[in-house]
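Working notes, structure below.
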């Protein structure tokens with residue numbers, strides 16, 4: 001049984017079904033993929049690295065690059081590449097397609113079905129109590145896969161701690177807005193006044209429509225909506241009108257310490273499998289779901305469901321992804337310590353050609369320039385340079 | 001006691017994710033509150049992106 005029909009759950013359901021397991025995919029919502037709680041951006045490099053393909057229908061806009069804006073708004077640098085750097089998706093369509101794939105692979109699906117309890121026998125998860133159609137029913141499972149997102153309770157009810165602490169979470173809110181002029185670039189605004197311990201963003205969704213949002217660190221006051229309202233006071237949003245509101249929690253700390261137990265696997269955002277720098281989790285969720293689904297099918301086929309057998313998922317996932325995520329978490333800690341003057345100086349002294357050099361791996365001249373402008377940035381630069389991939393993924 | 005202002009709530013589940021007491025649950029179109037479990041720690045208040053939650057005595 002898979003709980004949660006987001007990217008992680010649907011991918012797990014699909015691969016488990018393809019592997020011959022009989023699969024039930026349940027979700028509390030009346031419509032898979034709705035409501036959307038996401039900036040909807042994905043980077044091409046993740047798609048490539050994880051071998052994920054996306055349909056034309058789920059793509060709202062192709063992104064040429066990213067524009068980083070300094071806290072004082074006086075300067076910006078643009079990172080762009082000749083090929084498409086990323087996509088802004090329509091998550092409603094995207095998630096629906098993944099669920100359809102799971103159903104086509106043979107998974108049964110259930111809407112408006114809430115998991116209100118987990119059943120156990122001798123410490124082993126044996127099923128879940130589902131609430132639907134006005135009644136509670138116990139349904140047995142050989143393996144329960146928890147993919148119920150940042151608000152995950154299923155894994156916690158089963159005994160794996162997926163609680164998101166305030167410190168290790170970001171909280172985001174965004175409007176999808178019309179009448180926003182965009183240049184086909186995602187825009188990232190740094191600075192304590194815009195988004196403490198996070199960033200504010202404009203993600204174009206095609207023509208004059210964009211997701212405009214902020215994500216802030218969990219210990220910050222006041223709440224995220226305050227910062228979004230302030231961001232929207234900028235002149236460029238004068239004509240902007242909201243057409244949708246999206247909010248959510250992003251667990252940006254390290255992935256959960258435990259991903260499997262007897263009869264249980266945790267995948268996706270509920271397992272905190274999220275990029276700590278930009279808070280993106282779509283690709284990581286699909287990747288983890290794919291691995292978990294395959295392992296689940298294999299284990300069911302062999303009649304196994306103990307933690308030891310299921311740990312093949314945890315081992316495969318950790319060895320493939322965790323090191324990189326932890327490196328990026330360290331980088332996040334360094335970036336969090338930068339103040340507005342640091343960002344103003346760094347972004348202010350760079351031009352687009354410098355960014356081109358960075359992308360080509362030619363760090364030295366750029367680092368020299370930044371250090372001349374702001375010697376205090378030595379530590380941060382060191383961390384940037386030791387964390388490979390950074391130039392491409394920022 | 002947790003009190004959620006439904007005119008502000010976006011049903012995003014952030015409060016559910018940070019509640020150490022599992023006193024909140026995200027349902028299809030609303031957030032269910034179990035005040036008997038609440039320890040008044042205030043994590044949900046801090047977390048709520050919409051500033052929709054208050055703790056009341």
query: Of the residues that sit in the stretch A:35-56 and are part of a helix (DSSP H, G or I) and modelled with pLDDT under 90, which one is surrounded by the fewest Cβ atoms within 10 Å (Cβ to Cβ)?
result: A:48
message: Can you name every one of the strands (runs of 3 or more DSSP E) wholly within the stretch A:94-166 that holds 2 or more residues which are surrounded by fewer than 24 Cβ atoms within 10 Å (Cβ to Cβ), assigned by TED's automatic domain parsing to the domain that holds residue A:296 and touching a strand residue (DSSP E or B) at 6+ places or on another chain (Cβ under 8 Å)?
response: A:108-110, A:114-121, A:124-132, A:135-140
- request: Tell me, yes or no, whether the stretch A:317-339 has at least one residue that is under 20 Å from residue A:8 (Cα atoms), touching a strand residue (DSSP E or B) at 6+ places or on another chain (Cβ under 7 Å) and part of a helix (DSSP H, G or I).
  value: no
task: Would you check if there is a residue in the stretch A:139-161 being without any contact (Cβ under 8 Å) to a residue 60 or more places away in the chain and away from chain B (no Cβ under 14 Å)?
output: yes
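Let's see how each residue does on (1) outside the structural domain of residue A:70 (by TED's automatic domain parsing); (2) over 17 Å from the mean Cα position of the chain (by Cα); (3) at pLDDT 95 or above; (4) surrounded by fewer than 24 Cβ atoms within 10 Å (Cβ to Cβ):
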residue: A:225; (1), (2), (3), (4): no, yes, yes, yes
residue: A:231; (1), (2), (3), (4): no, yes, yes, yes
residue: A:237; (1), (2), (3), (4): no, yes, yes, yes
residue: A:240; (1), (2), (3), (4): no, yes, yes, yes
residue: A:243; (1), (2), (3), (4): no, yes, yes, yes
residue: A:261; (1), (2), (3), (4): yes, yes, yes, yes
residue: A:264; (1), (2), (3), (4): yes, yes, yes, no
residue: A:272; (1), (2), (3), (4): yes, no, yes, no
residue: A:276; (1), (2), (3), (4): yes, no, no, no
field: Residue count for the stretch A:218-254, restricted to those that are touching a residue at least 40 places away in the same chain (Cβ under 8 Å) and either closer than 27 Å to residue A:139 by Cα or part of a helix (DSSP H, G or I) (or both)
entry: 6
message: I'm checking my understanding of the structure. Among residues of chain B that are surrounded by 21 or more Cβ atoms within 10 Å (Cβ to Cβ) and in a strand (DSSP E or B), which one is farthest from the other protein chains (Cβ to nearest Cβ)?
response: B:2
task: For the stretch B:3-33, name all the residues that are within 23 Å of residue A:27 (Cβ to Cβ) and out of contact with any strand residue (DSSP E or B) (no Cβ under 7 Å at 6 or more places or on another chain).
output: B:6, B:19, B:22, B:26, B:28, B:29, B:30
- prompt: What number of residues within the stretch A:275-304 satisfy the criterion of being out of contact with any strand residue (DSSP E or B) (no Cβ under 6 Å at 6 or more places or on another chain), within 22 Å of residue A:214 (Cα to Cα) and assigned to a loop (DSSP other than H, G, I, E, B)?
  reply: 6
task: Being in contact (Cβ under 8 Å) with a residue 24 or more places away in the chain and farther than 23 Å from residue A:356 by Cβ narrows it down to one of A:52, A:100, so name that one.
output: A:52
- prompt: Do the conditions hold for residue A:257, that is, is it surrounded by fewer than 20 Cβ atoms within 10 Å (Cβ to Cβ), touching a residue at least 12 places away in the same chain (Cβ under 8 Å) and on the phi < 0 side of the Ramachandran plot?
  reply: yes
task: Have a look at A:17, A:13, A:5 and point out the one that is in contact with a strand residue (DSSP E or B) (Cβ under 7 Å, 6 or more places away or on another chain), modelled with pLDDT of 90 or more and part of a helix (DSSP H, G or I).
output: A:13
query: Taking the stretch A:167-185 as the search range and keeping residues that are within 12 Å of chain B (Cβ to nearest Cβ) and either part of a helix (DSSP H, G or I) or touching a strand residue (DSSP E or B) at 6+ places or on another chain (Cβ under 7 Å) (or both), which one is surrounded by the most Cβ atoms within 10 Å (Cβ to Cβ)?
result: A:171
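The values are calculated or read from the model by the stated rules, or taken from the named source; none is laboratory data. Quick caveat, the model's predicted, so the values are computed rather than measured. In this analysis, Cβ positions are derived from the backbone assuming ideal geometry, glycine residues included, and neighbour counts consider all displayed protein chains.
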